[in-house]
Structure formats: structure tokens, C-alpha cells
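> First the structure, then my questions, so here it is.
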Amino acid sequence: MSFQNFIAQQQDKSYTTNYHNSNGGTIVCEERASKYVYKYKSGETLLKLHVDGGLISDQNILKCDYLLLNYTTINEKTCYHSIFIELKGSDLTHACKQIWTTIENLGNDLKGSKLHARIVLSKVPKIDIQVNQLKESLMKKYQCLLYYQSRFMEEESDQDGYPSHSQHKGN
């Protein structure tokens with residue numbers, strides 16, 4: 001399935017919120033003491049999917065909390081971005097595994113989109129070698145940059161729809 005078909009299938013689901021505002025707007029993902037805020041510009045269209053218990057309801061599968069799908073047409077070129085968001089206490093390794101498993105499960109549906117991973121922790125994380133290995137594996141296999149921080153993360157899209165913490169490579 002293509003990314004465009006995946007978007008079309010998700011638009012009217014109960015776990016999906018559609019965002020499109022001619023003036024731009026703000027999307028908030030929040031749980032307990034962790035908060036992720038995404039500011040989008042005019043002309044961008046986004047879907048916010050509740051993954052855990054929504055898009056993926058199987059309780060036996062690790063999954064992240066949210067997925068933002070950004071599809072924006074700029075100068076007659078459409079840019080597609082998928083932002084995986086996990087809001088967590090302090091277990092950074094487990095959060096990385098949840099992101100990884102979600103990408104593995106949805107990978108075919110997201111072909112053609114740039115992948116981004118974000119983790120917001122309510123406490124300062126303990127970093128271990130497995131976190132670095134998972135980050136490197138995400139980048140190597142999916143060209144997906146994982147970015148994390150404690151309590152609050154705010155991003156906005158650039159002119160090509162890239163979240164502000166991503167390394168824009170122009171492709």
C-alpha cells in the first residue's frame with residue numbers, strides 16, 4: 001500500500017484527528033508529565049493517529065503512543081513525513097523498542113514518507129548501550145532520526161515539512 005492510500009484509509013477513523021488550517025496551528029500529544037507540541041504552517045495537512053489502542057489495538061505488540069502524518073504540497077511537489085511519538089516515564093530503552101516495533105509493523109504502509117522518531121520522558125533517562133544501538137539501527141535501516149528529551153518537546157515544520165529537530169538532507 002502507498003502512503004497516500006494509508007492516509008486515505010485513516011482519515012475518518014475514531015482514533016484519527018485531522019488538522020488543516022489556512023493559518024497553521026498546533027498539535028499536542030500529552031500524557032502525565034510528558035508533552036509533545038508540533039506547530040504546523042498554513043498549507044500543511046496533518047493526521048494525528050492514536051496508535052496504542054487505536055491504530056494498533058493488539059495489546060501483545062509493542063507500539064508507540066502517537067503517529068503524526070504530514071503531507072504537504074510545496075511548489076507542486078508533495079512531501080510526506082511520519083513522526084512517531086512515545087510519551088514515557090524514564091525507560092528510554094523500552095521507548096526506543098516501542099518506536100522500532102511500530103515502524104516495523106507499519107513500514108510497508110509508510111513507504112515514500114520520511115520517518116522521524118520522538119520520545120518525551122517525564123523523568124531524566126538512564127542511557128545504556130542498547131539505546132545507542134537502537135538509534136543507529138533506526139538510522140541505518142529506515143533513515144529515521146530518533147530525538148528525545150525530558151518533559152517537553154516542541155517542534156515546527158520547515159519549508160519542506162521536516163520537523164525542526166530533524167537533519168534536513170534535502171532529499
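> All but one of (1) closer than 19 Å to Asn5 by Cβ; (2) of a type in the set (A, V, I, L, M, F, W, C); (3) at pLDDT below 90 hold for Leu106, so report the exception by its number.
(3)
> Take the residues in region 1-55 that are of a type in the set (Asp, Glu) and either closer than 22 Å to Asp158 by Cβ or in contact (Cβ under 8 Å) with a residue 40 or more places away in the chain (or both); name whichever of them is surrounded by the most Cβ atoms within 10 Å (Cβ to Cβ).
Step one: list which residues in region 1-55 are of a type in the set (Asp, Glu), which gives 12, 30-31, 44, 52.
This time we only want the ones that are either closer than 22 Å to Asp158 by Cβ or in contact (Cβ under 8 Å) with a residue 40 or more places away in the chain (or both), so: 30-31, 44.
Values: Glu30: 14, Glu31: 16, Glu44: 21.
Of everything passing the filter in region 1-55, Glu44 is surrounded by the most Cβ atoms within 10 Å (Cβ to Cβ).
> Can you work out which of the residues in region 103-116 that are touching a Ser or Thr at 6+ places or on another chain (Cβ under 9 Å) and not in a loop (DSSP other than H, G, I, E, B) is nearest to Leu145 (Cα to Cα)? Break it down stepwise before answering.
If we filter region 103-116 for residues that are touching a Ser or Thr at 6+ places or on another chain (Cβ under 9 Å), which is where we start, we get 103, 106, 109-116.
Pick out the ones that are also not in a loop (DSSP other than H, G, I, E, B) and you get 103, 106, 109-110, 114-116.
Numbers: Ile103: 12, Leu106: 17, Asp109: 19, Leu110: 15, Lys114: 10, Leu115: 7, His116: 5 Å.
If we take residues in region 103-116 being touching a Ser or Thr at 6+ places or on another chain (Cβ under 9 Å) and not in a loop (DSSP other than H, G, I, E, B), then His116 is nearest to Leu145 (Cα to Cα).
> Sticking with this one: Given (1) buried (at least 20 other Cβ atoms within 10 Å of the Cβ); (2) more than 29 Å from Asn75 (Cα to Cα); (3) of a type in the set (Ser, Thr, Tyr), where does Ser166 come up short, assuming only one miss?
Every condition holds for Ser166 apart from (2).
> Can you tell which of Lys77, Lys63 is without any contact (Cβ under 8 Å) to a residue 60 or more places away in the chain, out of contact with any helix residue (DSSP H, G or I) (no Cβ under 6 Å at 6 or more places or on another chain) and among the charged types (D, E, K, R)? Explain how you work it out, then say what you get.
Details: Lys63 fails: out of contact with any helix residue (DSSP H, G or I) (no Cβ under 6 Å at 6 or more places or on another chain).
None of the others qualify; the one that does is Lys77.
> Based on this model, can you work out whether Asp91 counts as surrounded by fewer than 18 Cβ atoms within 10 Å (Cβ to Cβ) and at pLDDT 90 or above? Even if it seems obvious, please write down each step before you answer.
On the way: surrounded by fewer than 18 Cβ atoms within 10 Å (Cβ to Cβ): yes; at pLDDT 90 or above: yes.
Taking the combined requirement at face value, the residue satisfies it.
> Considering Glu136, Glu155, which residue is surrounded by fewer than 22 Cβ atoms within 10 Å (Cβ to Cβ), at pLDDT 90 or above and touching a strand residue (DSSP E or B) at 6+ places or on another chain (Cβ under 6 Å)? Even if it seems obvious, please write down each step before you answer.
Working: Glu136 fails: touching a strand residue (DSSP E or B) at 6+ places or on another chain (Cβ under 6 Å).
Just one listed residue meets the conditions, Glu155.
> With the checklist (1) touching a strand residue (DSSP E or B) at 6+ places or on another chain (Cβ under 6 Å); (2) closer than 21 Å to Tyr142 by Cβ in hand, flag the one item Glu44 doesn't pass.
In the conditions (1) touching a strand residue (DSSP E or B) at 6+ places or on another chain (Cβ under 6 Å); (2) closer than 21 Å to Tyr142 by Cβ, Glu44 misses (2) alone.
> Same structure again: Only one of Gln9, Gln4 is outside any strand (DSSP E or B) and at pLDDT 90 or above; which? If you could, list the steps in order and put the result at the bottom.
Numbers: Gln4 fails: at pLDDT 90 or above.
Unique residue meeting the criteria: Gln9.
> Pairs needed: first member in region 137-157, in a strand (DSSP E or B); second member anywhere, of a type in the set (Asp, Glu) and surrounded by fewer than 21 Cβ atoms within 10 Å (Cβ to Cβ); C-beta distance under 6 Å; at least 6 residues apart or different chains.
none
The values are calculated or read from the model by the stated rules, or taken from the named source; none is laboratory data. Just so you know, these numbers come straight off a predicted model, no measurement behind them. Methodologically, a virtual Cβ is constructed for each residue, glycine included, from the backbone with ideal geometry; neighbour enumeration extends over all protein chains shown.
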